[in-house]
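Asks: One structure, as structure tokens, below. Some questions next.
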Amino acid sequence: AMAQTLRQLLLPFTDAAGWFDWKDAPLTAATTPLLTGLIYAILSFAIGWYMREVRHGKGFAVRQLMAAHNLFLCFLSASMAMGTAAAMIRRSLEEESATWMFCEATSTQANAIKPACNRQPQEMCANLRVLTGAGK
């Protein structure tokens, strides 16, 4: 009964029906990390210049910004931990064992896990393509 209840709770996380394909995934082009790195470098130099030349080395309080950033990171970490725990429980229930955590079979294949939401993956990918400009 407990195993069945856990399966029902984890159902949104366990549908790995092959809907995911790397070649169609957003942000998988080689230009993405290159452009991201370039933007990061430009922003880093621009902020350094601004602090040196405009603010003349005088800083400003960022305590509230740091607190909000840390809170965001805490929520992100908690969601990743819950997703990992859900995947581990799902697999342990499917295999009726947790030994895979310590000794993985060489024949095991990786499977993508469908996100727990009501949207279709194609719709989510299309929205991301539009937002990132990849849909043009």
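The values are calculated or read from the model by the stated rules, or taken from the named source; none is laboratory data. This one's a predicted model, so the numbers in the text were calculated from it and none came from an experiment. Please note: Cβ atoms are built from the backbone with ideal geometry, for glycine as well, and neighbour counts cover all protein chains shown. Only protein heavy atoms, including side chains, enter the accessible area calculation; ligands, DNA and RNA are left aside. Shrake-Rupley method; radii C 1.70, N 1.55, O 1.52, S 1.80 Å.
Asks: Run the numbers for Met51 and Cys74: contour at 0.36 nm per residue of separation, minus the present Cα-Cα distance, in nm.
Replies: 5.4 nm
Asks: If a paramagnetic tag sat 7 Å from the Cα of Ala25 along the Cα-Cβ line, which residues of region 62-85 would have the backbone N under 20 Å from that point?
Replies: Hits in region 62-85 for Ala25 at 20 Å: 76-77, 79-85.
Asks: Whole number in Å², please: accessible area per residue of region 20-107, 1.4 Å probe, ligands, DNA and RNA not counted.
Replies: Using a 1.4 Å probe on heavy atoms only, each residue of region 20-107 averages 85 Å².
Asks: Another one. Pop out the ³J(HN,Hα) list for region 79-92 in order, Karplus 6.51 cos²θ - 1.76 cosθ + 1.60 with θ = phi - 60°, rounded to Hz; leave Gly and Pro as x.
Replies: Ordered by residue, 3J(HN,Hα) equals 5, 5, 5, 5, x, 5, 4, 4, 5, 5, 5, 4, 5, 4 Hz.
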